[in-house]
Amino acid sequence: MCPDKKASLRKIAVVIPVYNDWTSFEVLIEKLGDIALEGNLHISVMAVDDGTVDGYQLTFQKPIDGIETIEIIHLIRNLGHQRAIAVGLAVLKAKDLNIPVVVMDSDGEDNPADLLRMLAEHDKNPGHIIFAHRTRRSENFIFRVFYSLFKLIFRILTGKSISFGNYSLIPPATLKRVVYLQEIWNHFAAGIMHSGLLWKTIPTTRGHRYFGKSHMNLISLVLHGLSAISVYIEIVYVRLLFFSMALMAFDVLGFIVLAYIRLWTNLAIPGWATNVGIGLVVIMVQAILFLATLSFVVLSYRSSKMFIPAVDYQDYIKNVEIVKIGKI
């Protein structure tokens, strides 16, 4: 006698930030339904409406057997996709569903087919967050150049390498810790890396958008990169502190060399020592001012109240909409 199919269903939740991209979202739901049937999954979808302004209405024409419900969290304003993700995770934590949670974008660039591979990796490493690491990207050449530059700067300032985005699977026990990380409010992936939580990656290829163009342009990339670096503000501060001290040490050494040449050799040219001395003074003053400003910024950061998504998320929720689109 065959076992009951329902008894072997595996439940997961999917958090999807959406901003003016509901047409792509509908396509994604259909593809998630196909993946759910293929992997014998029971998928609950939570869409986080990040302040959509076009008033779009979902128009599912028929039930999707792989998906039971869609819950739409409407935010009071646009927060950006990183903070929308944090709100969605906090809402799921409050539900205490005790199931794996997948975070993915709605535009199609996160391939739904990789979800089954992430679940398989989760089974092998149940205590790890599983990230999808993109081995190939589909953006234009200029974007890829600046993205590579961002990764280089990120490594120089933080000592870490980052090569993945939001697409991930979070174990239920780990979710209860993730939503108490204030860092995910600025950058989800960097916040996980900074937290010390266990994580692994699986290789994936970036998909293509279902409709329209990507919202991520050069300006968005710069802001996204700065958000990632801000997670490591204390490490960045220490590295810049050592850099400033080294610069001041070389400045002092320059004064000593200048004095030696000026007083004990015949190499000095009229006016040369004065110009170099003024230049060294300017560099020293700039290094001291930079160090002082940076110190005040970090001290202000450390003394400010921490924003905890699990505690403060409700301030940004306008209302909740639940759409039932079929049964498994």
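The values are calculated or read from the model by the stated rules, or taken from the named source; none is laboratory data. Owing to the predicted nature of the structure, the values given are computational and were not obtained by experimental measurement. Note that we place each Cβ from the backbone using ideal geometry, even for glycine, and neighbour counts take in every protein chain shown.
Summary table
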{"read-out": "Among the residues listed as A120, A113, the single one being of a type in the set (G, A, S), over 16 Å from the mean Cα position of the chain (by Cα) and more than 24 Å from T23 (Cα to Cα)", "value": "A120"}
{"read-out": "Which numbered condition K160 misses (of (1) part of a helix (DSSP H, G or I); (2) touching a helix residue (DSSP H, G or I) at 6+ places or on another chain (Cβ under 7 Å); (3) among the basic types (K, R); (4) at pLDDT below 90)", "value": "(1)"}
{"read-out": "Filter result for the condition that a residue is within 21 Å of Q182 (Cα to Cα), polar (S, T, N, Q) and assigned by TED's automatic domain parsing to the domain that holds F188, over Q82, Q57", "value": "Q82"}
{"read-out": "Search result, residues across segment 26-63 that are under 27 Å from K318 (Cβ atoms), buried (at least 21 other Cβ atoms within 10 Å of the Cβ) and of a type in the set (A, V, I, L, M, F, W, C)", "value": "L28, I29, L32, I43, V45, M46, A47, V48"}
{"read-out": "Candidate set: segment 163-184, residues that are polar (S, T, N, Q) and modelled with pLDDT of 90 or more; chosen: the one farthest from the chain's Cα centre (by Cα)", "value": "T174"}
{"read-out": "Which numbered condition L253 fails, given (1) over 16 Å from A287 (Cβ atoms); (2) at pLDDT 85 or above", "value": "(1)"}
{"read-out": "Strands (runs of 3 or more DSSP E) (entirely within segment 1-119) containing at least 1 residues that are farther than 17 Å from V323 by Cα and at pLDDT below 90", "value": "10-18"}
{"read-out": "Residue match in segment 120-132 (condition: at negative phi, part of a loop (DSSP other than H, G, I, E, B) and without any contact (Cβ under 8 Å) to a residue 60 or more places away in the chain)", "value": "yes"}
{"read-out": "Exclusive hit being modelled with pLDDT of 80 or more, assigned to a helix (DSSP H, G or I) and either more than 33 Å from the chain's Cα centre (by Cα) or farther than 30 Å from P17 by Cα (or both), set A273, A228, A259, A292", "value": "A292"}
{"read-out": "Counted residues, segment 68-119 - those being small (G, A, S) and in contact with a Phe, Trp or Tyr (Cβ under 7 Å, 6 or more places away or on another chain)", "value": "4"}
{"read-out": "Filter pass, V281 being closer than 30 Å to A86 by Cα, touching a helix residue (DSSP H, G or I) at 6+ places or on another chain (Cβ under 9 Å) and either surrounded by 12 or more Cβ atoms within 10 Å (Cβ to Cβ) or at pLDDT 80 or above (or both)", "value": "no"}
{"read-out": "Looking only at segment 123-146, and only at residues there that are in contact with a Lys or Arg (Cβ under 7 Å, 6 or more places away or on another chain) and at pLDDT below 85, the one that is surrounded by the most Cβ atoms within 10 Å (Cβ to Cβ)", "value": "R134"}
